[in-house]
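Please treat every number below as a calculation from the coordinates, not as lab data. All figures in this text were calculated on a predicted structure; none of them were measured in a lab. When we count neighbours, we look across all protein chains shown, and the Cβ atoms used for this are built from the backbone with ideal geometry, even at glycine.
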Amino acid sequence: MDRHALGAQPRLSPGPVSGRNWYNVAGKRTLDVTGAFTIGMVFLPIILVVAFFVRMQGKGMIFGHERVGRNGRKFRCLKFRTMVPNAEQRLQDLIANDPIARKEWEEHRKLDKDPRITKLGQTLRKTSLDELPQLWNVIRGDMSLVGPRPVTAPELERYGESVHHYHAVRPGLTGMWQVSGRNDVSYDERVRLDRDYAQSHSLTKDISILARTVMVVVGATGK
């Protein structure tokens, strides 16, 4: 996909990245590992039930999509499968023939009514349960519990001068975008939220975001 299809790059001031304090050096990673193991154990029964029903719908219970992580390192971001097997082809056909869907995809990188998503997948996405496999990404060190939304390499073109903020921290299982009305936030606003997080993340902010994430999940406001 070319640069024009992704829309104009936001012109954001680079600004400083949060410094190497005790939390950035060791505290955040300790919270990640401890938190991921704890959440995994608490949600283990739910994980097993979801895995069973996804498996009943066909092969490919969990899929990994390439994302860009800290320092530009690429990794496989894990999720429970929520789409039909030929999802990529369906997307290409849709945006090629539907100008409204194409505009929505170019602006938001998501569709309000996505024909690729299964009925079970809709439920998993609304409750964010499809992202539970990313706990393994957190334990491995690919991701953090809190951070920018993991994006693809082409999407980074949207970050403009703020791309170094994205590269400075690990992508998060949750983050500012997810708890700031994610369904109503524009992509450029999402970039700004990621930049602001990289500049000022702390233990207090991470705990606050995690607490707000619980409310989002309970309210089932995801897509």
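Less than 5 angstrom separates the built amide H of L132 from those of F80, all sequence-distant by 5 or more or on a different chain.
Amide H contacts of M83 (H built 1.01 Å from N, in plane; Pro and chain starts excluded): T118 sit under 5 Å, all sequence-distant by 5 or more or on other chains.
Shown in residue order for region 209-216 are the 3J(HN,Hα) couplings computed by the Karplus curve 6.51 cos²θ - 1.76 cosθ + 1.60 at θ = phi - 60°: 5, 4, 5, 5, 5, 4, 5, 5 Hz (x for Gly and Pro). If R0 is 41 Å, the Cβ-Cβ spacing of L44 and E106 corresponds to a FRET efficiency of close to 0.55.
How much FRET efficiency would the formula 1/(1 + (r/R0)^6) give for Q89 and T123, where r is the Cβ-Cβ distance and R0 is 35 Å, rounded to 0.05? Step by step, r from the Cβ atoms, then E = 0.90.
Using bins of 10 Å that start at zero, the share of Cα-Cα pairs per bin across the chain amounts to 8, 32, 39, 19, 3, 0, in whole %. In a GNM of the chain with a 10 Å cut-off on Cα contacts, which of R212, R90, R67 has the highest mean-square fluctuation? Sorting by GNM fluctuation, first place goes to R90. Phi angles across region 53-68 convert, under the Karplus curve 6.51 cos²θ - 1.76 cosθ + 1.60 with θ = phi - 60°, into 3J(HN,Hα) values of 5, 5, 5, 5, 8, x, 6, x, 4, 10, 10, x, 10, 5, 10, 9 Hz, Gly and Pro given as x. Indicate the gyration tensor shape class of region 32-125 (rounded, prolate or oblate), computed on the Cα atoms with a ≥ b ≥ c the square roots of the eigenvalues: a/c under 1.5 is rounded; otherwise a/b larger than b/c is prolate and the rest oblate. Since a/c reaches 1.5 but b/c is at least a/b, the shape of region 32-125 is classed as oblate.
Label-to-label distance for R73 and A26 is 2.0 nm, based on points extended 7 Å past Cα in the beta-carbon direction. Relative to its residue count, region 125-193 spans a Cα convex hull of 89 Å³ per residue.
Each peptide in 98-107, 125-134, 152-161 gets a packing score, the mean of other Cβ atoms within 10 Å over its residues, and the list from highest to lowest is 125-134, 152-161, 98-107.
Length available on full extension from V214 to T34: 0.36 nm per residue minus the Cα-Cα distance, which gives 63.1 nm.
GNM on the chain, alpha-carbon springs under 10 angstrom: the most fluctuating residue among T30, T204, T174 is T204. Once backbone amide H atoms are built at 1.01 Å from N, G172 has S144, G147, R149 as its partners under 5 Å, excluding neighbours fewer than 5 places away on the same chain.
For region 72-150, the Kirkwood hydrodynamic radius comes to 14.2 Å, computed from all pairs of different C-alpha atoms. Helical content of the chain, expressed as a calculated mean residue ellipticity at 222 nm, amounts to -14000 deg cm²/dmol (DSSP H runs of 4 or more residues, -39,500 (n - 2.57) each, divided by residue number, nearest 500).
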